[in-house]
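S.K.: Next up is a structure, given as structure tokens.
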Amino acid sequence: DCFREVLAVRQKIHGKDHPDTLNTMLNLGNALFTQKKYEEAKPLLIEVLETNRRILGDDHPAFVGVLNSIGALLKSQGQFAEAEPYYQEALEISTRISGDSHPKTLWLTGGLGDLFAAQGKLEEAEAIYAKSLETSRKVYGDENPSTVFLIGGVGELLLKQKKYAEAEITLLELIEIYARTLSSEHPNNYWAYETLVKIYEGWGKPEKAKKYRALLP
């Protein structure tokens, strides 16, 4: 409601095409998306995208966030094929503007890899994750948020591929990083434990699964 009120005021004062109006519209769209009000969020995000494209052209940093938001919204609705071009365009713009080793580019690359994995395009996802993770490790080190995000994505992907031995190594590395960088009760720890449980269950190692299940809240 707060965003709606601010949006109404800014539209009245500045008009629909003003950057402040568009930014508020984007924030409202993202807030509705977070609340899973997809049908309300989508037209707002599309309007922000179309207005920015008309005013700024096709290659502007302002596009990246809204393109990713639309892609994520469609992905949340299971519309994977429809989401893909939005993810692709966001990644292409970020790569051109910021380079392929920029944290935002790496994050967007991981998002595209996750989308491919959700579609069952596991080989494409693996190639994307492997390249991005190598770049992130080299440029930022193992404990950088971009690297950690990509390690988690690789672990999930290996689980989906039933490559349990590789998935185990990846998740154990992630848990070691979390032990150095996060509190013991951080939600990311629980996600890693839960993923390890799935790995060991799929691998037929119930005792190891039991060990990590006991660490879950």
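Quick note: the coordinates plus some simple rules give every number you see, no bench work behind them. These numbers come from a predicted model, not from an experiment. As a convention, Cβ positions derive from the backbone with ideal geometry for all residues, glycine included, and neighbour counts pool all protein chains shown.
S.K.: About its Cα centre, what dipole magnitude does the chain give when the only charges are +1 on Lys and Arg Cβ and -1 on Asp and Glu Cβ, stated in debye to the nearest 20? Please list the in-between numbers first.
M.R.: Numbers: 26 positive and 31 negative charges, 83 e Å.
Computed about the Cα centre, the dipole is about 400 debye.
S.K.: Among LYS198, LYS12, LYS131, which comes first, second and so on when ranked by fewest other beta-carbon atoms within 10 Å?
M.R.: By the 10 Å Cβ count, ascending: LYS12, LYS131, LYS198.
S.K.: For a quick check, take a GNM of the chain with Cα springs below 10 Å and name the residue from THR181, THR195, THR147 with the largest mean-square fluctuation.
M.R.: In this elastic network of the chain, the residue with the biggest mean-square fluctuation among THR181, THR195, THR147 is THR181.
S.K.: Hey, what angle do you get for helix 187-203 against the long axis of the chain, alpha-carbon based, 0 to 90 degrees rounded to 10?
M.R.: Taking Cα atoms only, the helix is inclined about 50 degrees.
S.K.: Let me ask another. Can you compute the charge dipole magnitude of the range 108-217 about its Cα centre, using +1 on each Lys and Arg Cβ and -1 on each Asp and Glu Cβ, nothing else charged? Give it in debye, rounded to the nearest 20.
M.R.: So the dipole magnitude of the range 108-217 works out to roughly 260 debye.
S.K.: Ok, one more. Which entries of LYS42/LYS104; LYS104/LYS208; LYS37/LYS131; LYS75/LYS162; LYS12/LYS42 show an alpha-carbon separation above 31 angstrom in the structure shown?
M.R.: Check vs 31 Å cut-off fails for LYS104/LYS208; LYS37/LYS131.
S.K.: Taking springs between alpha-carbon atoms closer than 10 angstrom, which of ALA83, ALA41, ALA165 fluctuates most in the Gaussian network model of the chain?
M.R.: Top of the fluctuation ranking is ALA165.
S.K.: Just report the Cα centroid separation between the range 167-201 and the range 91-159, whole Å.
M.R.: Their Cα centres are 18 Å away from one another.
S.K.: Under 10 Å, Cα contacts only: if you run a Gaussian network model on the chain, which one of SER69, SER132, SER183 comes out with the highest mean-square fluctuation?
M.R.: Of the options given, SER183 has the highest mean-square fluctuation.
S.K.: Could you compute how fast the range 122-217 diffuses translationally, taking Rh as the Kirkwood radius over C-alpha pairs and applying Stokes-Einstein at 25 °C with viscosity 0.890 mPa s? Give it in µm² per second.
M.R.: The Stokes-Einstein estimate is 181 µm²/s.
S.K.: Still on this model: Between ASN30, GLN88, SER76, whose Cα lies farthest towards the positive end of the dipole of the range 1-98 when Lys and Arg beta carbons carry +1 and Asp and Glu beta carbons carry -1, centred on the Cα centre?
M.R.: Ranked along the dipole, the leading option is ASN30.
S.K.: For the Cα atoms of the chain, what angle does the longest principal axis make with the long axis of helix 38-56, in degrees from 0 to 90, nearest 10?
M.R.: 60
S.K.: Roughly how big is the range 99-150's charge dipole about its Cα centre, with Cβ charges of +1 (Lys, Arg) and -1 (Asp, Glu), in debye to the nearest 20?
M.R.: About 140 debye.
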